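The values are calculated or read from the model by the stated rules, or taken from the named source; none is laboratory data. Values in this document were obtained by computation on a predicted structure and should not be read as measured data. No Cβ is skipped: glycine too gets one built from the backbone with ideal geometry, and neighbour counts run over all protein chains shown. These accessible areas exclude ligands, DNA and RNA; they are computed on the full protein's heavy atoms, side chains included. Shrake-Rupley method; radii C 1.70, N 1.55, O 1.52, S 1.80 Å.
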Amino acid sequence: MTNLPFKAVAVDVDGTFENDDKEYDHQMFKQILHQLHQHGAHFIIASGRPAGRLIEDFSEFIDSVDLVADNGAVLVRDGKIIRTTTFSKKGILQFVDYLRMRYPGSTKTLLVSGVKHSYFLKSTPPKFKRSHHYFYPNSIEIDDFSQIPADDQYTKLTVDYPSKVRRELEYGFNSRSVEKVNVTTSGWNYMDIIRQNVNKAAGLKEFLAYLDVPRNELIAFGDGENDIEMLKLAGLSYAMANGQDSVKKIAKFIAPSNNDNGVFKVLNKYLNKA
C-alpha cells in the first residue's frame, strides 16, 4: 500500500459534496471513508450550514467526520460543539439596525443563527421561511429581532440580498462598530455575516493542528467564494466544474461537477493509485 498525498480531506456541502437535490450517495461515502481511514486520513465537512443541520445530514457518519459549521464559527467533533466564535446580542442588534437603515427591506429575509436556536421574523415571506426551516431545523419565528434571548450564542447572520454589496456592507458596518464582521457569500444572493477573521480556513487550521496534519497534506473541494480561503490553505485544492469563476482561478485543479459525484471521483482516483 502506497501513501496518499494528503492526510486530511475538507469538503464544502452545497454545490460541492451534495448534488443540486441536496443528496449524496451514502453507500459510496461509507466505502470511501473506510478506505481513507485505512490510510490514516481524516475527513472534515466545511460548510456555511449550521451545526444542527450538518449533524442531521451526516448523522450516520458523525463519529467519523469533523465539522466546520457556519463558515468557521462553529467547530464540531464527535457530534459535540468544541468551539464557537460569537457575537453579543448587542452586536447582533446593532447590525440589524444598520441593515434597516442602509438596505431597507433586507431584514425581511434575515436569519440570526444561534447555537440553541435560529431566529427570523414572522413577517418573512413563505419562500424564505421554507428555506430557513430546512437549513435551520431549530429555527423560531419572532415578531422583532429585539426578542432574541440574551442567553443564546450568536454565530452568524444570513440575509438574502444582492451579494454585490457585501464589501460595501462589511466596510460600512465595521467603520462604526466594535464587533467587526466578515461578509461572505456562497454564490447565490445569500450573504453570511460572521465575526471578522472567521472563515472555513481558520476553523480548518484548528483541526489540522489538533490532528497534527500540515496544511500541505490537506486536500480541499469547494465551489463558492466562501471556500476561497480554504482552497488557498490546502496543498491540493479543487474547484468544482460548476463552481464560480473566481474560485476556479484560485484552485489548482478542477473536479467534475457536484451532480457528477465530483468529490468521490477525485478521491477514488487517489485511493485507486494508493
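The condition of being assigned to a loop (DSSP other than H, G, I, E, B), open to solvent by 80 Å² or more (accessible area, probe 1.4 Å) and under 26 Å from residue 23 (Cα atoms) holds for only one of 127, 116, that being 116.
Residue count for region 198-207 satisfying the condition of being surrounded by fewer than 21 Cβ atoms within 10 Å (Cβ to Cβ) and in contact with a strand residue (DSSP E or B) (Cβ under 7 Å, 6 or more places away or on another chain): 1. Can you say whether residue 123 is over 21 Å from residue 70 (Cα atoms) and without any contact (Cβ under 8 Å) to a residue 40 or more places away in the chain, as far as the supplied structure shows? So residue 123 fits the description; yes. Quick check on residue 266: is it assigned to a strand (DSSP E or B) and on the phi < 0 side of the Ramachandran plot? Answer is no for this residue. Among the numbered conditions (1) part of a strand (DSSP E or B); (2) open to solvent by 10 Å² or more (accessible area, probe 1.4 Å); (3) of a type in the set (Val, Ile, Thr); (4) closer than 25 Å to residue 172 by Cα, the only one that residue 107 does not meet is (1). For region 54-69, which residues satisfy the criterion of being in contact with a Pro (Cβ under 7 Å, 6 or more places away or on another chain) and farther than 15 Å from residue 11 by Cα? Passing the criteria: only 56.
Of all residues in region 170-181, those that are over 12 Å from residue 196 (Cα atoms) have Cβ atoms under 9 Å from Cβ atoms of residues that are open to solvent by 70 Å² or more (accessible area, probe 1.4 Å) and in a helix (DSSP H, G or I), 6 or more apart or on another chain, in 172/102; 176/94. Candidates are the residues of region 10-52 that are crowded, with 21+ Cβ neighbours inside 10 Å, among the β-branched types (Val, Ile, Thr) and not in a strand (DSSP E or B); the one that is nearest to the chain's Cα centre (by Cα) is 13.
Filtering region 249-267 to residues that are in contact with a Ser or Thr (Cβ under 9 Å, 6 or more places away or on another chain) and surrounded by fewer than 16 Cβ atoms within 10 Å (Cβ to Cβ) leaves 252, 253. If you go through region 236-264 and keep only what is in contact with a strand residue (DSSP E or B) (Cβ under 7 Å, 6 or more places away or on another chain) and within 17 Å of residue 36 (Cα to Cα), you end up with 236, 262, 263.
What residue, among those in region 53-83 that are out of contact with any strand residue (DSSP E or B) (no Cβ under 9 Å at 6 or more places or on another chain) and more than 18 Å from residue 18 (Cβ to Cβ), is least open to solvent (accessible area, probe 1.4 Å)? Step by step, filter region 53-83, then rank; the result is 63.
One line per residue, one yes/no per condition, for (1) farther than 30 Å from residue 220 by Cβ; (2) of a type in the set (Val, Ile, Thr):
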position	(1), (2)
71	no, no
85	no, yes
114	no, no
121	yes, no
132	no, no
140	yes, yes
143	yes, no
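Among residues belonging to region 135-185 that are out of contact with any Asp or Glu (no Cβ under 8 Å at 6 or more places or on another chain) and assigned to a strand (DSSP E or B), point out the one that is farthest from residue 54 (Cα to Cα). Only one residue tops the list, namely 142. Take residue 181 and decide whether it is under 30 Å from residue 108 (Cβ atoms) and open to solvent by less than 10 Å² (accessible area, probe 1.4 Å). Here the answer is yes, as residue 181 does meet what is asked.
Within region 225-240, being open to solvent by less than 50 Å² (accessible area, probe 1.4 Å) and either in a helix (DSSP H, G or I) or in contact with a Pro (Cβ under 9 Å, 6 or more places away or on another chain) (or both) holds for 225, 226, 227, 228, 230, 231, 233, 235, 236, 240.
Can you find a residue that is touching an Asp or Glu at 6+ places or on another chain (Cβ under 7 Å), closer than 24 Å to residue 184 by Cα, in a strand (DSSP E or B) and hydrophobic (A, V, I, L, M, F, W, C) anywhere in region 241-260? Checked against the condition, which is being touching an Asp or Glu at 6+ places or on another chain (Cβ under 7 Å), closer than 24 Å to residue 184 by Cα, in a strand (DSSP E or B) and hydrophobic (A, V, I, L, M, F, W, C), region 241-260 yields no hits at all.
The residue list 154, 161 contains one member that is open to solvent by 30 Å² or more (accessible area, probe 1.4 Å) and touching a helix residue (DSSP H, G or I) at 6+ places or on another chain (Cβ under 6 Å), which is 161.
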